[in-house]
Every structure is written in structure tokens, then in C-alpha cells.
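Coordinate-derived values only; no laboratory data. The shown structure was predicted, so the numbers you read here are calculated from the model rather than taken from an experiment. For neighbour counting, all protein chains shown are included, and Cβ atoms are generated from backbone atoms with ideal geometry for every residue, glycine included.
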Amino acid sequence: MTQRCPGTVCRRDATDRCSHARMTQPVGETPRMRFVRAMTLIEVIAVVAIIGIVSAVVLMRVGGGSFGRPSVKAFSRQLSVDLRYTRSMAITQKVNHYLGFDSSGYTIFRRDTPSDVVVNPRQPLPKGVGGSISAWNFEFEPSGAALAGYWANLSSSGVTYRVEVILVTGTTTVRKL
């Protein structure tokens, strides 16, 4: 059975093969299959990473819920960490240190004469977080003990957390109420 080259007129040699025989594709492969390219694993990972970065930026811009804003739980933990830092500063510097609250945040101070020195800049309360405190200043002695048993109740959206300072040891705890 003689095959002709599609759309061409060619000369046949003695074995009845056309002059295009060296250029024909292997059996079972179509011309389209030769040019199909698959994505490598690195390209797939790069595409997924780019999509992830773009979606994170979009969520932060749009303000998807509490994404990007500290929650009352996170702020309670941050207050606890700052109280521990205040206590450790009192111990290492052998001078009373205190965390002083105002209506919209708190600052860490070192007791000094004639005026107290700011140790850490003011930390503002996040939007929507409110609460109550047992004293305006949570103070620690050079031994690490608190001058009193302190507490702060922080709440937002019906969720309340309590940060407590133990009188004798000066340690802090955070718990959900």
C-alpha cells in the first residue's frame, strides 16, 4: 500500500519511500504532541507562592475580619509579656519599674528622682478593645515582687481575658473569663 505525503507531491525512491521519510514523526505521535510542554515543579511552586502573596495583600487591604488587627487575646498576651519585661527590668537594674496605664494605652517607666524615666514607648489599645484595671500603675520591686496583686480585664466583641499579677512572686497569668 502506497502512502502519499499529505498535501505534497514527492519523488519515491527504489524502496517506495518518499523523500520526506526522515522528517516524518514517530508512530503514535501527532504533530501537536511534539510541542506540548508541561510545567515543572518549580514553576508550579512559584505560581502558588505568587497567588498566596497576592491574596494576603488583598486580605490586608480589604480588612478581612480581624486579619491584620490584634485581637483581645493577642493584646492580653502582649500585656502579659510587657509586665514580665517590666519585672525583669526591676530585677536587673535594682530599681522599681512600673507599667503605667492611661485612658488609651500604657507605658513602661523606671522610678527615678526627680521624675520617672520612660523605658518603653507607649503601647496603644487596639480599636474595639476596652476593659477595667485594678490600679493605674502595676509596679515591681527589685526583688521581682509586685507591690500589690494587680489585674486587668480586657474585652472585645463579648470576649473577655484577665491578665493577673501575683502579689508575692510577681508572675503573670492570662486566662479567658
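Computed values, structure above
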{"item": "³J(HN,Hα) computed for each position of the stretch 108-118 - Karplus, 6.51 cos²θ - 1.76 cosθ + 1.60, integer Hz, glycine/proline x", "result": "9, 10, 10, 5, 8, 10, x, 9, 6, 10, 6"}
{"item": "Cleavage-rule hits (chymotrypsin sites (Phe, Trp or Tyr not before Pro)) in the stretch 103-143: DSSP loop, at most 13 neighbouring Cβ within 10 angstrom", "result": "Trp136"}
{"item": "Likely footprinting exposure, Met39, Met89, fewest C-beta neighbours within 10 Å first", "result": "Met39, Met89"}
{"item": "Computed E for Leu167/Val117 - FRET, C-beta separation, R0 25 angstrom, nearest 0.05", "result": "0.50"}
{"item": "The stretch 72-176: equivalent-ellipsoid semi-axes (sqrt of 5 x gyration tensor eigenvalues, Cα, Å)", "result": "23, 15, 10"}
